[in-house]
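**Student:** Here it is, the structure, as structure tokens.
None of the figures in this text is laboratory data; all of them are computed from the coordinates on show. Just so it is clear, the model here is predicted, and its values are computed rather than measured. Quick reminder, even Gly has a Cβ in these numbers, built from the backbone with ideal geometry, and neighbours come from all protein chains shown.
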Amino acid sequence: MIRDSALAVSGLLTERLGGPSVKPYQPAGLWKEMRNDAYEQDQGADLYRRSLYVYRKRSVPPPGLNAFDAPDRETSCVRRQRTNTPLKALVTLNDPTYVEAARALAQRLLTESVSAAASSKVRIARAFRLTLARDPKPPEIDALLRLLHRQQALYAQNNDAAVKLLSIGESPRNERLDIAEHAAWTVVANVLLNMDEFLSKE
Amino acid sequence: MTNEILLTRRALFGQSARGIGAIALASLMQPESVRAAALRSGKGGALGGPHFAPRAKRVIYLFQSGGPSQMELFDYKPSLEKVHGSELPDSIRQGQRVTAMTAEQSSFPCVSSIFRFAQHGACGRWISELLPHTAGIVDKICVIKTVNTEAINHDPAITYINTGSQQPGKASLGSWLSYGIGSESQNLPAYVVLISQGTGRPGGQPLFSRLWSNGFLPSRHQGVKFRSSSDPVLYLSNPPGLDGATRRATLDALSELNQLKAQTFADPEIETRIAQYEMAYRMQTSVPQLMDLRDEPEYIFDRYGPNSRQPGTYAANCLLARRLAESGVRFIQLFHRGWDQHGDLPKALSGQCSDVDQPSAALVRDLEERGMLDDTLIVWGGEFGRTVYCQGELTADNYGRDHHGRCFSIWLAGGGIRGGIDYGQTDDYCYNIVENPVHIHDLNATILHCLGIDHRRLTYRFQGLDERLTGVEEARVIERLVN
């Protein structure tokens, strides 16, 4: 659900129904160290299909889903776990799946349905609508604006870092966007995709 | 339209949270808030402390995956020389079920070990020439020769000894400890797993994540695999282009947003979330520091052997195990693959032993020098042993052995275990137990005992049953092993 939501709000989600399983991003060597066979990652639209379609190897479950207590398919699951661990935080902060989703979400905020000249506040409001289905409160806007301004200054000074961040994930980025601006918003989107309110079903 | 509905529902919740809803919610969440506090303090086992004074505070389990041959390593059988090449008598086999790999063999010739044994230490224990370094610590270890299991194949056997059941789905030993007596570290998980590949049989039996699974226990008790690659814990590193200072800034913003929510909803689970993000941040520093062996002096690498400089080897993992123990990790489990010598045993087993002999002994000595052996229990062993009869062709210098669960050898050290003793006797064929059997449930009960836990009282209610590691049949603590 969390991965699906991140893909959906970022606009990356492939909505096709049915078909064979897909193999999205996974850290290199995970299968190898446990059982000597190689994981061949898919490309293109198959990277962004719902987690329902993700290939399951029971002995080495998909790490991002495993961290979030996806049932292991070893035994029937009568009750889903409700837990909260630092490993989950690492997944949604650093897994390329979520970093790419943040980049795509940032791109959406910078291009879609708001005018190019729209203020940062308007974009943050749009981001809240997309991720949390509500409007932000003034202190929430303030917190994100402070982060945005910090990152805008940082990436304006350091275009290399911006390019590195924007190069994560296989979907192409919109090259018409200003690199520093896009990277700064990617960092803001990374925060939004990690808010408790985004991760929890209330 | 969906958004509108959500918004309304959330708005409603937001308002009621300020009134009677807040009180109801807060009391519903009480156990979680206790948990949040426990997480922050880094402790918090379900038992609230051990049942009695523990001898060991932590365990390092050196798991030898595949089934090391007891006849080649610890269970010296000069009696086999006389029957070498002759058929295994029916009186010994007693209709024992054998695996599909040898069930079709027309002949079951006994094999005497090709390796020499000698007596070592003050205790005078016989140890194989394959384990010269282990021979140097014989007075510190206790060898159990009569561990036994019903399982005869890897998957059920390794699941059995690690989780107390041949069927998947139960909680592993390390998860039970994390659940029962909690963690001593605020920067690291309570249960860490390290994996290495054996040179004796590359591409040997696979491992499964269920071996360190939490099963029915809450998933924060699952073993966390530390890897030798650039990211020792999955997704530990910040993405390229996002530096440490930026990560701090994002977590500050995130914490501010989550705090605002927590103030509105009085939901302690949000506090837990904030605490876990901070723990993740601390791990980003503490884990790489821990995995970086460059601060170890030269003599330590010499002691653990040349492989200890190469990340991902058993030797490097032994050194890491010591560092994890020093950092307060409760249960550190190494898995070394490749102990499955169906064929080419003499060569393959030599490889396996040279992988693990020196580092295992070094770990015992290293812990002793640091004054940590007394409260660190070390377990060395696999999921079963091997058959006295040959699998495949028996030649002058080559043979193989199939799986054997009726008796196998493991050793224990530190953590209250009496050094220099043997426990249990097998028959002249090293096939059946003659005296003092130790079922794997008994072994697990004894491990828990060393940690101050009564295995009958470490339970978890799941699907109407009080589950426990040692299962339903009565398991015994082997008191004689413990000081």
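**Student:** On average, how many beta carbons from a partner chain sit within 10 Å of the beta carbon of a residue in A:28-40? Please list the in-between numbers first.
**Tutor:** Numbers: counts 3, 4, 5, 1, 1, 12, 9, 7, 6, 2, 0, 0, 0.
Whole-number average of other-chain Cβ neighbours for A:28-40 is 4.
**Student:** Applying 1/(1 + (r/R0)^6) with R0 = 45 Å to the Cβ-Cβ distance of A:ASP142 and B:ARG97, what FRET efficiency is obtained, to the nearest 0.05?
**Tutor:** On the way: r = 71 Å, r/R0 = 1.57.
After rounding to 0.05, the efficiency reads 0.05.
**Student:** Could I ask something else about it? Please report, in Å, the Rg and the Dmax of the protein assembly as shown, where both are computed over Cα atoms only.
**Tutor:** 27.8, 93
**Student:** Need the full-extension length gain, B:GLU184 to B:ILE421, defined as separation in residues times 0.36 nm minus the C-alpha distance. One decimal, nm. Kindly include the intermediate steps, with their values, before the conclusion.
**Tutor:** Numbers: separation 237, 0.36 × 237 = 85.32 nm, distance 3.11 nm.
So the chain would gain 82.2 nm between B:GLU184 and B:ILE421.
**Student:** Could you calculate, for the stretch B:245-297, the ratio of the Cα radius of gyration to the Kirkwood radius, expressed as Rg to Rh?
**Tutor:** Taking Rg over the Kirkwood Rh, I get 1.19.
**Student:** While we're on this one: Report the FRET efficiency, 1/(1 + (r/R0)^6), for A:ARG129 and B:GLU474, where r is their Cβ-Cβ distance and R0 is 60 Å, rounded to 0.05.
**Tutor:** Values: r = 61 Å, r/R0 = 1.02.
The calculated FRET efficiency here is 0.45.
**Student:** What GluC sites (Glu not before Pro) in the stretch B:446-483 are in a loop by DSSP, with at most 12 other Cβ atoms within 10 Å of the Cβ? Let's see the in-between values first.
**Tutor:** On the way: sites: B:GLU467, B:GLU473, B:GLU474, B:GLU479; in loops: B:GLU473, B:GLU474.
Filter output for the stretch B:446-483: B:GLU473, B:GLU474.
**Student:** Then there's this: Where q = 0.14, 0.15, 0.18 Å⁻¹, what log10 of I(q)/I(0) comes from the Debye formula for the stretch B:416-483, counting one point per Cα?
**Tutor:** For the stretch B:416-483 at q = 0.14, 0.15, 0.18 Å⁻¹, log10 I(q)/I(0) is -0.51, -0.57, -0.75.
**Student:** Give me B:ILE137, A:ILE179 sorted ascending by neighbouring Cβ count inside 10 Å, so fewest comes first. The partial results should precede the final answer.
**Tutor:** Working: B:ILE137 23, A:ILE179 18.
Lowest count first: A:ILE179, B:ILE137.
**Student:** Using the C-alpha atoms of chain A, what convex hull volume per residue, in cubic angstrom, is computed?
**Tutor:** Here the figure is 144 Å³ per residue.
**Student:** Considering only DSSP beta bridges with both partners in the protein assembly as shown, what is the antiparallel share in %, to the nearest 5? Could you put the intermediate results ahead of the total?
**Tutor:** On the way: 23 of 49 bridges.
Within the protein assembly as shown, antiparallel bridges account for around 45 percent of the total.
**Student:** Would you calculate the separation in nanometres between label points at B:GLU87 and B:ARG248, each defined as 7 Å from the Cα along the Cα-to-beta-carbon direction?
**Tutor:** 7.7
**Student:** Average projected area of the Cα convex hull of the stretch A:2-86, in nm²? Please list the in-between numbers first.
**Tutor:** Values: hull surface 27.2 nm².
Averaging across all directions leaves 6.8 nm² for the Cα convex hull.
**Student:** I've got another one for you. Modelled label-to-label distance, B:GLU435 and A:ARG82, 7 Å Cα→beta-carbon offset: nm?
**Tutor:** For B:GLU435 paired with A:ARG82, the spin-label model returns 5.6 nm.
**Student:** Still on this structure, I have one more. Suppose R0 equals 30 Å. What FRET efficiency, 1/(1 + (r/R0)^6) with r the Cβ-Cβ distance, do B:ILE114 and B:ASP155 give to the nearest 0.05?
**Tutor:** Details: r = 29 Å, r/R0 = 0.98.
According to the calculation, E is roughly 0.55.
**Student:** Chain B: longest stretch without exposed trypsin sites (Lys or Arg not before Pro) (DSSP loop, at most 11 other Cβ within 10 Å), sites themselves excluded?
**Tutor:** On the way: sites that count: B:ARG18, B:ARG97, B:ARG116.
Free of exposed loop sites, the longest segment is B:117-483.
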